[in-house]
Amino acid sequence: MLKTHWNRAVETLTLPFFLALLLAAGFMGFVAWDHSHWWANREDYGFGWLVPAFVAFVVHDRWSRITAAVTVCAAPASPRAAGWKRWLLNFVIYGGMLGGALLFLLGAFYRAGAGPSHPGSLALSMGAGAIALTLFFVNAPDAESSRPSGIFDDARVRLTALLLFPALVWLVSAPMVSVIENQLSLFLLHKVTTVVFFVFDVLGLPLQQEGNVLVLPPLADGEPNRVGVEQACSGIRSLTACLFAGSFLAAVFLDKLWKKVALVAAAMAFAFLTNLIRSLFLTSWAYNYGHEAIEGTVHDVAGYSVLGLTVVGLLLLLPLFQLEWATGTDDEEEL
C-alpha cells in the first residue's frame with residue numbers, strides 16, 4: 001500500500017519535482033534541528049515546536065493544488081514568462097539559489113564552530129528557504145509548448161508560490177540577529193512604558209517614569225513600589241508568536257495575496273495592542289496590590305493571554321477577509 005502511494009506520488013509530481021520536495025524537506029529538517037535549541041531554551045520561541053507540524057499540515061492541505069499546478073506546468077501551452085521578464089525571472093531564481101547556498105553554508109559553518117547562535121540560525125533559515133523555493137522552480141516539469149505570460153502568471157511561479165509558507169515560516173521560529181532584536185525590543189519597550197505612563201497620568205493616578213521603570217505610590221508599610229517594564233515584556237515575544245499565528249491562518253484560510261499581507265499586518269497590530277493592554281493590567285495590579293503581586297502566575301497568565309487574544313481577534317477577522325472584494329483582478333497569486 002505504501003509503495004503504491006509512493007509510486008503514484010512520483011508519477012503525479014514527476015520524479016525531479018518529487019526529489020526536490022524530499023531535498024527541501026531535508027534542509028528544513030536540519031533547520032528544525034538547529035532551531036530546537038531556541039525552542040527548548042527560550043520561552044519566547046517555545047511556539048517553534050508547532051512549526052514542523054503546521055508546515056506539514058499546510059503541505060497536506062495544499063497537496064491537491066500542488067499536483068494540479070504541476071500538471072499545469074507540463075500541459076501544452078503552459079504559461080511562461082517571455083522576453084525580458086524571462087531573463088529577469090531567471091536572474092532572480094539562479095541568484096537566489098547561489099545566495100541561498102552561500103547563506104546555508106555560512107550558517108552551517110557558524111553552527112559547527114560557535115554552536116547555536118542568532119546569526120547562524122538566521123543564515124540557515126534564509127539559506128534553506130531560498131534553496132527550497134529555487135529547487136521547486138527549477139525542477140517544475142517542462143511543457144512541450146508554452147505561451148508568453150507575465151512573471152506572476154508563469155506556471156512555475158504559481159507552483160512555487162504554493163510552497164512559500166512552508167519554506168519561509170522558519171524565519172520567525174528563531175531569534176533575529178541580536179542587534180535587530182535588541183533595537184526592536186528597546187523601541188517597543190519605550191513605547192509601552194510611555195503609553196502606560198500617559199494613561200495613568202490622564203486618569204489622575206500619580207506615578208513617575210524613570211526610564212523603563214514606573215514608580216508607583218509606596219505600599220502601606222512604606223516599602224517602595226516600582227514596576228520595571230522588562231525587555232521580555234516589551235512585546236518582542238508576542239510579536240514573533242503572533243506573526244507566526246497570523247502567517248499560518250493566512251496561509252490556510254485566505255487565497256489572495258493582499259488578504260494574506262493584510263492579515264499578517266493585523267496580527268502585528270493585535271500583538272502590540274494586546275501587549276499594551278497586558279502592561280496596563282499588570283501596572284494596575286501592582287498599583288493596588290504591590291509589585292510582588294504581579295510575579296509568577298499573574299504575570300505568566302497575562303503573557304499567554306496576549307497570544308490567545310490575538311488568535312481570537314484574527315479568527316474573528318477571517319470572515320471579513322473571506323468576503324469577495326473588488327481588487328481589479330480576479331486571479332492573484334496564492335502564497
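The values are calculated or read from the model by the stated rules, or taken from the named source; none is laboratory data. What you see is a predicted model; the values in this text were computed from it and never measured. All Cβ positions, glycine included, derive from the backbone under ideal geometry; neighbour counts span all protein chains shown.
The criterion of being within 22 Å of Pro175 (Cα to Cα), hydrophobic (A, V, I, L, M, F, W, C), touching a residue at least 12 places away in the same chain (Cβ under 8 Å) and out of contact with any strand residue (DSSP E or B) (no Cβ under 7 Å at 6 or more places or on another chain) holds for Phe47.
Taking the range 251-280 as the range and being among the charged types (D, E, K, R) and either at pLDDT 85 or above or over 18 Å from Phe187 (Cα atoms) (or both) as the test, the residues that pass are Asp255, Lys256, Lys259, Lys260.
Within the range 134-177, take every residue that is among the aromatic types (Phe, Trp, Tyr) and in a helix (DSSP H, G or I) and give me the one that is farthest from the chain's Cα centre (by Cα). Checked the range 134-177; the qualifying residue farthest from the chain's Cα centre (by Cα) is Phe137.
Checking each residue in the range 253-264 for being hydrophobic (A, V, I, L, M, F, W, C) and touching a residue at least 12 places away in the same chain (Cβ under 8 Å) picks out Phe253, Leu254, Leu257, Trp258, Ala262, Leu263, Val264.
Within the range 22-38, being under 17 Å from Phe54 (Cα atoms) and among the aliphatic types (A, V, I, L, M) holds for Ala24, Ala25, Met28, Val31, Ala32. For first residues located in the range 172-187 and at pLDDT below 70, partners that are assigned to a helix (DSSP H, G or I) and β-branched (Val, Ile, Thr) and lie 6+ apart or on another chain with Cβ distances below 8 Å form the pairs Glu181/Ile236.
Of the residues making up the range 78-126, those that are over 26 Å from the mean Cα position of the chain (by Cα), in contact (Cβ under 8 Å) with a residue 40 or more places away in the chain and within 27 Å of Phe30 (Cβ to Cβ) number 0.
Determine whether the range 289-310 contains at least one residue that is touching a residue at least 12 places away in the same chain (Cβ under 8 Å) and touching a strand residue (DSSP E or B) at 6+ places or on another chain (Cβ under 7 Å). Walk me through how you get there before you give the answer.
As a first pass, look at the range 289-310 and keep what is touching a residue at least 12 places away in the same chain (Cβ under 8 Å): 290-291, 294, 298-299, 302-303, 305-307, 309-310.
In the following step, the residues that additionally are touching a strand residue (DSSP E or B) at 6+ places or on another chain (Cβ under 7 Å) were identified as 290-291.
Among the residues of the range 289-310, at least one is touching a residue at least 12 places away in the same chain (Cβ under 8 Å) and touching a strand residue (DSSP E or B) at 6+ places or on another chain (Cβ under 7 Å), which makes the answer yes.
Determine whether Phe248 is of a type in the set (Phe, Trp, Tyr), within 27 Å of Leu171 (Cβ to Cβ) and modelled with pLDDT of 70 or more. Show your work before the answer.
Values: of a type in the set (Phe, Trp, Tyr): yes; within 27 Å of Leu171 (Cβ to Cβ): yes; modelled with pLDDT of 70 or more: yes.
Taking the combined requirement at face value, the residue satisfies it.
Can you name the residue in the range 280-296 that is closer than 16 Å to Pro218 by Cα and either of a type outside the set (Gly, Ala, Ser) or under 30 Å from the mean Cα position of the chain (by Cα) (or both) and, of all such residues, is surrounded by the most Cβ atoms within 10 Å (Cβ to Cβ)? If you could, list the steps in order and put the result at the bottom.
Within the range 280-296, the subset closer than 16 Å to Pro218 by Cα is 283-294.
So of that shortlist, the ones also either of a type outside the set (Gly, Ala, Ser) or under 30 Å from the mean Cα position of the chain (by Cα) (or both) come out as 283, 285, 287-289, 291-292, 294.
Numbers: Thr283: 24, Trp285: 17, Tyr287: 20, Asn288: 9, Tyr289: 13, His291: 20, Glu292: 11, Ile294: 19.
Per the stated criteria, the residue is Thr283.
Hey, any hits in the range 55-68 for a residue that's more than 27 Å from Phe248 (Cα to Cα) and either of a type in the set (Phe, Trp, Tyr) or not in a helix (DSSP H, G or I) (or both)? No, the range 55-68 contains no residue that is more than 27 Å from Phe248 (Cα to Cα) and either of a type in the set (Phe, Trp, Tyr) or not in a helix (DSSP H, G or I) (or both).
For the range 71-84, does any single residue satisfy the condition of being touching a strand residue (DSSP E or B) at 6+ places or on another chain (Cβ under 8 Å) and in a helix (DSSP H, G or I)? Checking the range 71-84: at least one residue is touching a strand residue (DSSP E or B) at 6+ places or on another chain (Cβ under 8 Å) and in a helix (DSSP H, G or I).
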